[in-house]
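Colleague: Dumping the structure here so I can ask a few things about it.
A short reminder: the numbers here are calculations on the coordinates, not readings from a lab. Since the structure is predicted, the reported quantities are computational estimates derived from the model, not experimental observations. Cβ placement follows ideal geometry from the backbone for every residue including glycine, while neighbour counts extend to all protein chains displayed.
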Amino acid sequence: AFPHSVRLVEVGPRDGLQNEPEPISTATKLELIDRLGAAGIRHIEAASFVSPKWVPQMADHREVITGLTHRPGVVYSALTPNLKGLEAALECGVEEVAVFGAASEAFSQKNINCSIAESLQRFEPVLERAKAANVRVRGYVSCVLGCPYEGEIEPTKVADVSKALYEMGCYEVSLGDTIGTGTPLKAKRMIEAVSRDIPIEKLAAHFHDTYGQALANLYAVLEEGIAVIDSSVAGLGGCPYAKGASGNVASEDVVYLLDGLRIETGIDLDELAGTGTWITQAIGRPNRSKVGVALAAK
Ligand code: HMG
Ligand code: MG
C-alpha cells in the first residue's frame, strides 16, 4: 500500500552539483540550500567531504556547512566516505553524515578506490566516531539496478551490502539506481529482496533518470511502501564515475506525482519549481524537470 506521507531528501546541492565542471560559488550553493528549505524540504544533502582531487566541485564543503543558515526542522547532511572526511565534517558542526558503498565491486573501486569489503571496514570507524558525536549516519548503496562496468546486479548482492550498512548502525539505507537503467518490476524485486533484512521504513529510493524510468520506478516502489525519496531540484546532476549518467529524478516531478496521489510531502511545489528555474539559470543548465518547465511557462 502507498505510504500516507513521504520524506523527500533533496540531493541537488551535492549529487546535482558535484559533476559540474565549472566552479559554482559557495554563495550560489548556500542560496540554493536556503531556497530549498524555504520551499518546505526537510532534509537537504548539502556537501561532500571527499577528496577535492576526485570531486573538485565539492572542495568548498567546509564553507558550505559552516555557512548554512539553519532553518528549524531542516536536517542538513554531508557525505563522509572515511574518517578524514568525518572529522572535517564534525569540526564544521555537521548534524548528519552519509557513507556510500556499492553493490558492484567494479563501481566501488572506481568511486571510492577500494573493494566492497574494504569499504565496509572503512565505514565501521566512521559509524563509531559519528555515534560518539551523536551524529546520525545514512548509508548509500550504488548500482542497485545495474552497474556501468558489470551490467546486471543481483538483488541478493544489494541486500547483502544494505544489511551490512544497517547492522553497522546506518539509520537509513538509500538504494541508488546510479545509472538509471532500472525498470519497475526490477525495482520492486530489488526492494523485496532488501526489505527481507531491513524494515521498509528504513529504506530510501535514490533513482537517477538516465533512461527516463525514475518516476515509473518510484511509483512501483511506493506501492511496496517506500516512504523516503531522494531527488534533485531541476533534475540536476550526473555521477563522475558513471559515464552518461544523468541527474536524479527531479524533485518537482516527484512532488507533482505525490500531490496527485494525495501523499503528503509538506513541500510547496510552486516555490520548489521557482528554485529549479533560478538554479538552472544561475549555472547555465537546462531545467530537466518537466513539471518545472511547465510551471515556468504558465
Ligand atoms: P584514496 O585515494 O583511496 O584515499 O581515496 P587515501 O586515503 O589514499 O587519500 C588520498 C588523498 O586524498 C590524500 O591526499 C588524502 O589526504 C586525501 P594527498 O596526500 O594525495 O594530498 N583524502 C581526502 N581529502 C579530503 N576529504 C577526504 C579525504 N580522504 C582522503 N575525506 C576517497 C578515497 C574515498 C577519499 C576518494 O576515492 C574520493 O574522494 N572519492 C570521491 C567519490 C565521490 O565523491 N563520488 C561521488 C559521490 S557518490 C555518488 O554520487 C553516488 C550516490 O549518489 C548514490 C548513487 O547515485 O548511486 C551517493
Ligand atoms: Mg546519486
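Colleague: Which residue fluctuates the most in the chain, going by a Gaussian network model with Cα springs under 10 Å, if the choices are His43, His61, His70?
Modeller: His70
Colleague: Among the listed pairs Lys84/Lys157; Lys29/Lys202; Lys53/Lys84; Lys29/Lys298; Lys157/Lys188; Lys131/Lys186, give every one whose C-alpha distance is greater than 23 Å. List each step's numbers first, then the result.
Modeller: Values: Lys84/Lys157 28 Å; Lys29/Lys202 29 Å; Lys53/Lys84 15 Å; Lys29/Lys298 27 Å; Lys157/Lys188 15 Å; Lys131/Lys186 34 Å.
Going by Cα-Cα distance, Lys84/Lys157; Lys29/Lys202; Lys29/Lys298; Lys131/Lys186 fall outside the 23 Å limit.
Colleague: Just the number, please: percent antiparallel of the DSSP beta bridges in the chain, rounded to the nearest 5.
Modeller: 5
Colleague: Over region 194-263, consider all pairs of different Cα atoms and compute the Kirkwood hydrodynamic radius from their mean reciprocal separation; express it in Å, one decimal.
Modeller: Values: mean 1/r = 0.0790 Å⁻¹.
Every distinct Cα pair counted, the radius reaches 12.7 Å.
Colleague: Largest first, please: the extent of the C-alpha atoms of region 1-57 along each principal axis, to the nearest Å.
Modeller: 44, 24, 16
Colleague: How large is the helix-only mean residue ellipticity at 222 nm for the chain, computed as the sum of -39500 (n - 2.57) over DSSP H runs with n ≥ 4, divided by its residue count, in deg cm²/dmol to the nearest 500?
Modeller: Details: 11 runs with 123 residues, N = 298.
The per-residue figure over the chain is -12500 deg cm²/dmol.
Colleague: How would region 1-153 be classified by its alpha-carbon gyration tensor: rounded, prolate or oblate, with rounded meaning a/c under 1.5 and the a/b versus b/c comparison settling the rest? Don't skip to the answer; put the middle values down first.
Modeller: On the way: a/c = 1.40, a/b = 1.31, b/c = 1.07.
Rounded shape, in that the Cα axes give a/c under 1.5.
Colleague: Report the net charge of residues surrounding Gly260, where surrounding means a beta-carbon distance below 15 angstrom and charges are Lys +1, Arg +1, Asp -1, Glu -1.
Modeller: Residues close to Gly260 contribute a combined charge of -3.
Colleague: Which Rg and Dmax, in Å, describe the Cα atoms of region 89-134?
Modeller: 12.1, 34
Colleague: Now, a different point. If the convex hull of the alpha-carbon atoms of region 242-292 is projected onto planes in all directions, what is the mean projected area in square nanometres? Could you put the intermediate results ahead of the total?
Modeller: Working: hull surface 16.9 nm².
Answer in nm², one decimal: 4.2.
Colleague: Distances over 24 Å make up what percent of all Cα-Cα pairs in region 151-255? Don't skip to the end; give the middle numbers.
Modeller: Numbers: 988 of 5460 pairs.
Tail of the P(r) past 24 Å holds 18 percent of the pairs.
Colleague: Given the chain, report the % of alpha carbon pairs whose separation exceeds 33 Å. Mind showing how you got there, number by number?
Modeller: Working: 6060 of 44253 pairs.
Value for the chain: 14 percent of Cα pairs lie more than 33 Å apart.
Colleague: How big is the C-alpha Rg of region 146-212 next to the rule-of-thumb value 2.2 N^0.38 Å, as a ratio?
Modeller: On the way: Rg = 11.6 Å, N = 67, 2.2 N^0.38 = 10.9 Å.
Relative to the rule-of-thumb radius for its length, region 146-212 sits at 1.06.
Colleague: Sorted by average packing, counted as other Cβ atoms within 10 angstrom per residue and highest first, what order do 191-198, 180-187 take?
Modeller: Working: 191-198: 18.1, 180-187: 20.0.
Per-residue Cβ counts within 10 Å, averaged per peptide and sorted highest first, yield 180-187, 191-198.
Colleague: Something else now. For the chain, modelled as a GNM with alpha-carbon contacts under 10 angstrom, which of Gln18, Gln121, Gln57 fluctuates the most?
Modeller: Per the Cα network of the chain with a 10 Å cutoff, Gln121 tops the list.
Colleague: For the chain, modelled as a Gaussian network with Cα springs under 10 Å, which listed residue fluctuates most, Gly225, Gly139, Gly101?
Modeller: Gly225
Colleague: What are the semi-axes of the equivalent ellipsoid of region 41-114, taken as the square roots of 5 times the eigenvalues of the Cα gyration tensor, listed largest first and rounded to whole Å?
Modeller: On the way: eigenvalues 110, 38, 21 Å².
For region 41-114, the semi-axes come out at 23, 14, 10 Å.
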